[in-house]
Amino acid sequence: MTKQALWKDTVLAESEDIVEVEGNDYFPRATLNMDHFSPSSHTTVCPWKGTAAYMHVEVNGETLRDAAWYYPEPKEAAAHIENRVAFLKGVVITETE
């Protein structure tokens, strides 16, 4: 099963290799269409995953701030999501065959 991350009818990422953690689908970073991402200075801390870094999503001149996050240096318990990106509400995750 392939999943897509969409915003404004634009595919941000697409992959069959999804890891689900706490209800969030983590896409391999290599599957992101980086034309639609820009760095954010926003971070958050999870006690078991580590410090999350964020990216803004940009489509057709519109920006969804801090809409994607990843763990640049995840803690050991979250090593399986290293080099993976998840999305906040606003980005729609769909399944395709």
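Divide the volume of the convex hull around the Cα atoms of the stretch 2-96 by the residue count and you get 87 Å³ per residue.
Here the 3J(HN,Hα) profile of the stretch 55-70, calculated from phi with Karplus coefficients 6.51, -1.76 and 1.60 at θ = phi - 60°, is 10, 7, 9, 10, 9, 6, x, 9, 10, 9, 5, 6, 8, 10, 9, 7 Hz, Gly and Pro shown as x. Ranking C46, A68, P28 by how far each Cα lies toward the positive end of the dipole of the chain (charges on Cβ) leaves C46 at the top. Percent of Cα pairs in the stretch 51-97 per distance bin of 10 Å, from zero to the largest separation: 24, 42, 29, 4. How many percent of all Cα-Cα pairs in the stretch 1-56 sit more than 14 Å apart? Every Cα pair in the stretch 1-56 considered, those over 14 Å come to 63 percent. Charge tally for Y26 (other residues, Cβ to Cβ under 9 Å; Lys, Arg +1; Asp, Glu -1): -1.
In whole percent, what relative contact order does the stretch 2-96 give with Cα contacts below 8 Å and a gap of six or more residues?
Answer for the stretch 2-96 is 30 percent.
All of the numbers you see were taken from the coordinates with simple rules; none came from a lab. Everything numeric in this text was worked out from a predicted model, so none of it was measured. FYI the Cβ positions are ideal-geometry reconstructions off the backbone, even for glycines, and counts take in every protein chain you see.
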